[in-house]
Amino acid sequence: MENKKRGVMLGLAWGDVLGCPVEGWRKREIEEVYGEYRELPAAYPVDKIAEKKRRRLRPLGLHSDDTQQAMALVQTCLAEGGWNRDAWKSILVQGMKQGAWRGVGRFFTEALHRMRKGEMVEHAGSPSAGMGAAMRIGPLGALYCQPEQADHLWQVALESSLATHRDARAAGFAALLAHAIALLLQGRSGRETLAALPELARQGEERLQEMSKQGWRMDEVNSSAIREAMVQACTWIDLPVEAMRRRLSDWARPQLKEGFTRAHPNQGFVLLGGLHALLMACRDDLEPTEVLLSIIREGFDTDTVAAIAGAVLGARFGDAWIPKEKFYDQTRIEAYADALVTQVRPETPASFLKQEAELTDIEKAFSCRK
Ligand SMILES: [Mg+2]
């Protein structure tokens, strides 16, 4: 159990780091530079990379927003007194003031600006059905993995998600993912876990409705979409990977915002990228590393989809498969993985923000050099 809890943090970080070199690239572009993308490169093949993309490269092995926000969640949960949504707001706003956050999306930044101006956490979320809440949620499933902690897991997962994402699908899927990780840590198989998710999604809908009545600002765009997706998804898990991806795209296409016609399985929409990650990570026919590489080779939001899958894979397979020595900030990432076992905060919030701000400066200096 302990190495599986560690695996949640380390798997998340490894998916993030492994996907980072080709974040936002198209499949064809990845193939042109790397042939078959098979590992974290030892050095960037800079000559082969177009200048526009070169400027966005970060030090190899350095974690991005997915991992640092997961660390911030762990910080908040392990503070004295436990989870507190105002403490979550505080670390998010402080992180922005100190330049800690890197590689973040527009919706995350806008939510933080609202909080900074004094908006309540309950009203700050952006109208996004993206993966920004799901990408950081994994560690919550490890911190509160016991069946008797399910209530608390719902509360922390939904509150932390709605704070930045007020679309019920983004928060609902993130919370569902946290529960999936808790079930895996309780010893259920990937298949058993998937089978439990439609009913859990129904519970999530009820909780979201309850929170809406309590004053949480929320966009309930097709609030049953997650449950319906999970019912379908259980029937796709035995299909070959390509066929599974086609079903996923076909199912999600009508749900896309107007103007988005491409339903790519790694697109930044929870019912595409998020569900793709969960399904890939629950399959029985691929090794964990192959799951991540297969996701990343498809392009688009590579690091985030791989981070979500990595957290689930860690909960299934533990941490032995993860090459920790490839992390740029190995010591701290391992300390956060240990914290999921010991429930002891690995550093102070001040230290967390300072360290992350320094890494962000390092990333900036690196991008300028290219
Ligand atoms: Mg990222």
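Here are the numbers:
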item	result
Förster radius 35 Å - calculated FRET efficiency between Lys326 and Glu31 (Cβ-Cβ, nearest 0.05)	0.95
Scattering curve values for the chain, log₁₀ I(q)/I(0), Debye with Cα scatterers, q = 0.15 Å⁻¹	-1.36
Out-of-range pairs (alpha-carbon distance over 20 Å; input Lys52/Lys354; Lys324/Lys354; Lys89/Lys354; Lys213/Lys257)	Lys52/Lys354; Lys324/Lys354; Lys213/Lys257
Helix runs (DSSP H) in the chain reaching 24 Å along axis by Cα, Kyte-Doolittle at least -0.5	2-19, 168-185, 349-369
Ranked list, fewest to most other Cβ atoms within 10 Å of each Cβ, for Tyr34, Tyr328, Tyr336	Tyr328, Tyr34, Tyr336
Built amide H within the under 5 Å cut-off of Asp167, gap 5+	Ser128, Asp219
Gap separating the Cα centres of the range 42-79 and the range 119-137, nearest whole Å	21 Å
Calculated FRET value between Asp250 and Gln355, using beta carbons and R₀ = 30 Å, to 0.05	0.10
Only Lys, Arg (+1) and Asp, Glu (-1) charged, at Cβ; the chain dipole about Cα centre in debye	980 debye
Simple label model, 7 Å out from Cα along Cβ direction - Asp151 to Val344, nm	3.0 nm
Potential lengthening between Phe366 and Lys52 on full extension [0.36 nm per residue; Cα-Cα distance subtracted]	111.6 nm
Burial ranking of peptide ranges 59-70, 180-191, 144-155, 5-16 (average Cβ count within 10 Å, highest at the top)	5-16, 59-70, 180-191, 144-155
Cleavage-rule hits, trypsin sites (Lys or Arg not before Pro), the range 213-276, DSSP coil, Cβ neighbours within 10 Å at most 12	Lys257, Arg262
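Only the coordinates and a few stated rules stand behind these numbers; no lab work does. Because the structure is predicted, anything quoted here is derived from the model rather than measured. Every residue, glycine as well, gets a Cβ built from its backbone with ideal geometry; the counts of neighbours run over all protein chains shown.
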